Structures are given as C-alpha cells and as structure tokens.
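Peer 1: Submitted below is the structure of interest, expressed as structure tokens.
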Amino acid sequence: MKSMSNRLFLTFMLLLGTILAVLMIVIGQLFPVYIKQYNEDANTHKQASMTQVIDERKLQLSEEDQEALFASQSLDLEDSLTFVRARLYIILAILFTITLILIGIVSRYMIRNFTAPIDNVTETALELAKGNYRARAQENEYERMIPLSHSINILARNLQDITTVREVEEERLKTLIENMGSSLMMIGREGNISIVNRVFLERFGMQIDEVQGKVFRTIGLPKSLEQFIDHVFLTEMPYRQQIKMEIKQELYNKEVYGAPVIGDHGRWLGVVIVMHDITELVRLEQIRKDFVANVSHELRTPITSIKGFSETLLDGAYKDEKMLISFLEIIYKESNRLQMLIQDLLELSKIEQHGFTVNIMPMGLQDVLIRGAELTAPRLDEKNMSFQVDIDRDVQVMGDANRIIQIVTNLITNAITYSPENTTVSIRLKENETHGIIEIEDQGIGIEKHEIARVFERFYRVDRARSRNSGGTGLGLAIVKHLVEAHHGRIQVESEVGVGTIMIVMIPKN
C-alpha cells in the first residue's frame, strides 16, 4: 500500500512545483518591467531636482545645455539588464530548488504520517478479504485514524470468532456424518451428489472422486435405490421404504429414508437419503421364521424313509434276506444323510457364534489344494470326472490350514455335485499383491444371475431336486462363506447357465 502514499506525494509535489515554477517565471518577467519603470521615475526625479537647482541659482543655460546636462545624469540600465536578468534566473532557480526540496521533505513526512494508518488498515482489510482473520490493524492513541483501526480490529475479531464457531460446527457435523452407522447421501436439485459419508462409500465399494459431483444415476446404484430417489424428487415429500438391493453379488436389506432439503425462504435445495442396514435383523428374523420349517423339511425325507422301511421290515419283510439287506442299506444311507445334516447344523451354529475365531498363521495354499483334491477324489471317480490342476508355485498366506481345507473340500464337492459325468473340475492357484487366490471351476449346470447373491444362504439350492438326490444339505456354501470371512477374505462367484461356475476365494497374505 506504499503506492498510495507515493502517488499522493508525487501529485502534491507536481502541483507545488508547477505553482512555484509559474511564480518564478512571473517574477522573472516582471523584474525588467519594474527596473525600467524604476529607471524612468528616477530620471524624472533627477531632472526635476536639477531644474530646481538651476532655478534657485538663476543659472543661464540654453535648452541644449540643459538637455545635455540631463542626458549625462540619466540612469541607463539597458546594457546591464541582460546580465542582471541572467543572474536573477540563476538565483530564482536555486531558490526554487531549495524551496522544493524543503517542502518535499516536510510534505513526505506529513504524508507518511497521514497515510501510514490508512495503508495499515487497507492491508488488514485485504488480509481479511483473503480469509486471514488473525490480521490486526495497528492502534496508536496519537493517530487520528484510531477509530477506523479500532473498528477494523473489532470486525476482524468478530469474523475470527464466527469462523472458529463455523469450523467447530463443521468439524462436529463432519465427525457425526462420517461416524454414523448409516449410509448418507445428499443430492442437489440438479441430481448431482454433494455429500456422501464413509459408510456409504464402503458399502457400495466406491471412491469419493467416483461419486462427488456426479449425477446419482451414473454411478451404478441399484435400480431399486434409484427408483426410491426418483420418487422423493417427484413428490418432494419425506418417504420411508424397506429395499432389498444387490451389492457385489450379495443381497442387503436397507431401510431407506428420504426427505427434501429446504433452505431459506422455502428454497428447495435437493434431497437427503439415509440408509440403515437392517440385513442382519432381517436375516435373524428370517432364520427365526424358517429354521423350524427348513430343518423339518430337510429331516422329513430321511426320517420318513427310515420309518417306512423299518415298518416294512417289522411287518415281515425281514424274512426276505435280499429285501432285508436292501432296506438296511437304504436305512443306513438315510441315517448317514441325517448325521451329515446334523453335523453341518452344529458346524454352522458354531461358526456363527459371537467370538468365533480361526487359528491364523503363515501357511502355503499348494498343499491345501492337493489335500482337498485327494479327499474328494472318490466322489470324482464315482462320476468318471477328472481334475485339471494349474499351480505354478506355492502361495504363502495367513490362514488356518484345517479351515481352508474345509473350504476347498466343500467347494470341490459342490462342483462335483452340480456337474454331469465325464466333465472336468479345474483347480487354479494365483496371487496378487495382497491376496492368495483359489479358483475352482466346474462344467456344471451354472447359476442364474439373479440367484448368485443367494447361493450362500442356508438351505438354498440352485437345483433342489438334484442336490437333494445327491445328498447335499444346502449348508456347505453358507459354512464356506463364514469361514472365508473369518479369515478376513472374500469369495466371489462367476457363473453362466449351461457352461459352469467359478468359485473364487481370496485369502489375505498379511
């Protein structure tokens, strides 16, 4: 802000210098006139004095003598006027320079004293405009600008207090939004997403730059959620609904609440969407409702068979040795099936208990896959199937070897169960930077896309009649999913109807 005082000083000096220059020029021009007038007055006065002296002494002089006398006594400055004028201009120039310097020094001091508080206040105001609310103007009790400086400082303190309060409120709001257990999304009136919280990004597997500022229809949200948002936009009224949506091949139940956001003066700003995850509550409720029905349904067939064949034997069929052996084999087979179902139920119940952990330690996946193939080889031979193993090298992960063998055998058994005879089950071992990857691919019946998210549910079967006839309990994949999650891993399904299914298990390395 020094340019202000500099401009003021230059303007003042230019104006003052112009005035002094004009004054000096006027003096320089009037001085010869004054000298000439002085010369004429002096000559006239001398002529009058000489005439008086001649008259008093009664001297007899002719007119020519008098004129000669007067001419000899007259002052003639024309010859020296040029020299005097030059000296005058030199003196005036020196006086002009000295005067201008003295006035410049004094005015510079006065202008600085006058503009320094203004400059300071201006700099403070600019810093406040930039957002630096800690800036303060100097307050000097001897300055005349102290009311302005004091007012600026009061304004700065108020702005700082307001900013501090706003930052605290924003931090509280941000902390609340980021740490709330529900997903939150705020959408502007044009459909652009303005706010999402951490839970939303984690649930939908997105990054903030993939969502922020984008239209909600373009980020890949489930169709049911898009329809819900459209409903809130159209009605501009609060709305609540339970929605079942598929995210990364898994089904989630969400209680979604949407409401319009109204600003000052009734201005409509957009909508806010809050999603509460009630998947676990719905699952527990469904388990409570379906457990008895599912278990009784699964137990009914073997129990009915055992009871029926037992009654037949008691009615006299035991006398026929051939029929007796056949019926006992059926009873034995159904009792084994009953035992498997009970064991799977107990195993699943144990895994789902709170606090269940696995014994994680460094291990290699190659030996696990080979052991799993050996355990399931008899089932494979029964259907005249074969293994195709693709293992380039061993992959070290952090896991429980016994539990991972259980995962592999369940998946291989599933692949054999749902594959026709004379086909191949492929076992592959891969890795990336963070996970060891097991892939088990069959050439079976495949899974419909809309059923993929449900294959890990209890008692769910893609082909109920076929899986029951093959002795499956419908609990294998549910157990696998819980064991993979206990290892902090992931399981994915890729399938095409009539072509086959690939089960992909990812176990963390560290």
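The values are calculated or read from the model by the stated rules, or taken from the named source; none is laboratory data. What you see is a predicted model, and the numbers here were worked out from it, not measured in a lab. Here the Cβ is made from the backbone with ideal geometry for all residues, glycine too, and neighbour counts use every protein chain on show. For the accessible areas, the whole protein counts, side chains as well, though only heavy atoms, and no ligand, DNA or RNA atoms are used. Shrake-Rupley method; radii C 1.70, N 1.55, O 1.52, S 1.80 Å.
Peer 1: Of M363, A453, V395, which is farthest towards the positive pole of region 359-506's charge dipole, taken about the Cα centre with +1 and -1 on the beta-carbons of Lys, Arg and Asp, Glu respectively?
Peer 2: Value computed over the given set: A453.
Peer 1: If packing is taken as the average count of other Cβ atoms within 10 Å, what order do 375-382, 197-204, 309-316 fall into, highest mean first?
Peer 2: Numbers: 375-382: 14.4, 197-204: 17.2, 309-316: 12.6.
Final packing ranking: 197-204, 375-382, 309-316.
Peer 1: With every protein chain present, what is the per residue accessible area of region 180-280 (1.4 Å probe, Å²)?
Peer 2: 54 Å²
Peer 1: Over 23 Å between C-alpha atoms is what I'm after, so list which of K350/K430; K248/K430; K214/K248 land there.
Peer 2: K350/K430
Peer 1: Largest first, what is the accessible-area ranking of R134, R490 with a 1.4 Å probe?
Peer 2: R134, R490
Peer 1: Roughly how many debye, to the nearest 20, is the charge dipole of region 359-506 about its Cα centre, given +1 on each Lys and Arg Cβ, -1 on each Asp and Glu Cβ, and no other charges?
Peer 2: 580 debye
Peer 1: While we're looking at this one, here's another question. Excluding ligands and nucleic acids, what accessible area in Å² is computed for R267 using a 1.4 Å probe, to the nearest 10?
Peer 2: 140 Å²
Peer 1: Over 26 Å apart: what share of the alpha carbon pairs of region 202-342 falls there, rounded to a whole percent? If you can, show how the numbers build up before the last one.
Peer 2: Details: 5388 of 9870 pairs.
Beyond 26 Å sits 55 percent of the P(r) for region 202-342.
Peer 1: At 1.4 Å probe size, with the rest of the protein present, what percent of the exposed accessible area of region 180-280 is carbon and sulfur atoms?
Peer 2: Heavy-atom surface of region 180-280 belonging to carbon and sulfur, 1.4 Å probe: 50 percent.
Peer 1: Ratio of region 180-280's C-alpha Rg to 2.2 N^0.38 Å, to two decimals?
Peer 2: Computed over Cα atoms of region 180-280, the ratio equals 1.02.
Peer 1: Hey, any idea what % of region 359-506's accessible area is carbon plus sulfur with a 1.4 Å probe?
Peer 2: The computed percentage sits at 46.
Peer 1: About the Cα centre of region 134-278, what is the dipole size in debye to 20, counting +1 per Lys and Arg Cβ and -1 per Asp and Glu Cβ, all else neutral? All intermediate terms of the calculation are to be shown ahead of the outcome.
Peer 2: On the way: 18 positive and 21 negative charges, 41 e Å.
With Lys and Arg at +1 and Asp and Glu at -1, about 200 debye.
Peer 1: Follow-up question, since we're still on this one. Let me cross-check Y257: its accessible surface, 1.4 Å probe, with only protein heavy atoms counted, in Å² to the nearest 10?
Peer 2: 70 Å²
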